[in-house]
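**Student:** Would you mind keeping the following structure in view while I ask a few things?
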Amino acid sequence: MRKINGKRVVLPLVCVVLGFMIAYSYNLTKEGAGKDKSLDQEYELRQQLIEQEKQNRELQKELLQKQENVSQIEKDLAQEKQLFFNLAKDTEKYRMFLGKVKVKGPGLQVTLEDGTDMESEANVNNYLVHEQHVFKVVNELYISGAEAVAINGQRLNHDSYIICNGPVIAIDGHQHPAPFIISAIGDPDVLGASLDLPGGIKEQLVNENIIFTVEKQKNIIFDPIIGG
């Protein structure tokens with residue numbers, strides 16, 4: 001205790017209180033600085049997160065664009081593959097039509113024979129199979145989807161010709177007598193139905209005194225035309 005100007009002052013107590021206030025103020029300042037630092041860190045992390053999300057969106061857009069490009073490339077390749085497939089199929093069809101390749105499969109066999117129920121004074125030519133009869137059958141078979149056709153075992157190609165020469169017909173210069181067996185590879189039901197239509201080829205030839213028979217075949221084989 002000290003006496004100043006007639007008053008007593010407790011100096012140690014004042015020092016203790018002052019020290020406590022200083023320490024409390026320091027702690028408050030320290031805590032405030034810590035909170036500010038924590039807020040700064042939180043703000044920085046939020047900014048980093050926002051930036052990362054922005055980059056993710058950009059990458060996602062880029063990924064979608066690349067996926068669209070890949071999808072378009074796949075479509076183009078599929079179309080190109082289909083184009084080549086169609087070309088190969090058409091090429092094979094043309095090669096069959098030209099007689100360049102061996103062909104086998106189910107089909108139909110049509111036999112044309114000279115008529116026998118001839119009257120004594122009738123014209124014999126009206127009972128013979130002529131080239132126009134053969135032409136009609138061959139054309140109908142091709143129209144109905146025949147892949148390949150042969151007459152008496154001689155395969156026809158794109159430039160084959162048939163000429164009537166009396167009781168025989170010449171196919172590409174090779175003579176064949178009746179009966180004429182026309183073989184065709186294709187769907188036998190379709191081919192047969194096209195020939196047997198009312199007023200169709202079969203009915204026309206029968207009315208012209210031609211013996212017309214049809215037989216389905218499970219497996220017909222045509223070898224390629226040598227030198228064709």
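What follows draws every value from the coordinates through simple rules; no lab data is involved. Computed from a predicted model, the values in this text were never measured in an experiment. Note that we place each Cβ from the backbone using ideal geometry, even for glycine, and neighbour counts take in every protein chain shown.
**Student:** In debye, nearest 20: dipole of region 104-221 around its Cα centre with unit charges on the Cβ of K, R (+) and D, E (-)? The partial results should precede the final answer.
**Tutor:** Details: 6 positive and 16 negative charges, 99 e Å.
Approximately 480 debye in magnitude.
**Student:** Further question on the same structure: Pairs LYS100/LYS216; LYS100/LYS218; LYS75/LYS104; LYS75/LYS102: which are spaced more than 29 Å apart, C-alpha to C-alpha? Walk me through the numbers before you get to the answer.
**Tutor:** Values: LYS100/LYS216 25 Å; LYS100/LYS218 22 Å; LYS75/LYS104 35 Å; LYS75/LYS102 35 Å.
Where the Cα-Cα span goes over 29 Å, the pairs concerned are LYS75/LYS104; LYS75/LYS102.
**Student:** While we're here: Run the simple label-point estimate for ASN86 and ASN69 please: 7 Å along Cα→C-beta, distance reported in nm.
**Tutor:** Inter-label distance under the simple model: 2.9 nm.
**Student:** Can I ask one more? What list do you get for VAL138, VAL168 if you sort them by fewest beta carbons within 10 Å?
**Tutor:** Numbers: VAL138 22, VAL168 16.
By the 10 Å Cβ count, ascending: VAL168, VAL138.
**Student:** Can I ask one more? If each residue's Cβ is checked for other Cβ atoms within 10 Å, how do THR116, THR111, THR213 rank with the fewest at the top?
**Tutor:** Listing THR116, THR111, THR213 from fewest to most nearby Cβ atoms yields THR116, THR213, THR111.
**Student:** Tabulate in residue order the Karplus-calculated ³J(HN,Hα) for region 164-169, using 6.51 cos²θ - 1.76 cosθ + 1.60 with θ = phi - 60°, rounded to whole Hz; enter x for Gly and Pro.
**Tutor:** Ordered by residue, 3J(HN,Hα) equals 7, 9, x, x, 10, 10 Hz.
**Student:** Calculate, in nm to one decimal, what GLN52 and GLN204 gain on full extension: separation in residues at 0.36 nm each, minus their alpha carbon distance.
**Tutor:** Residue separation times 0.36 nm, minus the Cα-Cα distance, leaves 46.2 nm.
**Student:** Can you list which of the chymotrypsin sites (Phe, Trp or Tyr not before Pro) found in region 121-168 are DSSP loop residues with at most 12 other C-beta atoms within 10 Å? Please report the intermediate quantities before stating the final value.
**Tutor:** Numbers: sites: TYR127, PHE135, TYR142, TYR161; in loops: TYR161.
Here the sparse-neighbourhood loop sites are TYR161.
**Student:** What's the FRET efficiency of HIS158 with GLN109 using the Cβ-Cβ distance as r and R₀ = 30 Å, to the nearest 0.05?
**Tutor:** Here the calculated transfer efficiency is 0.85.
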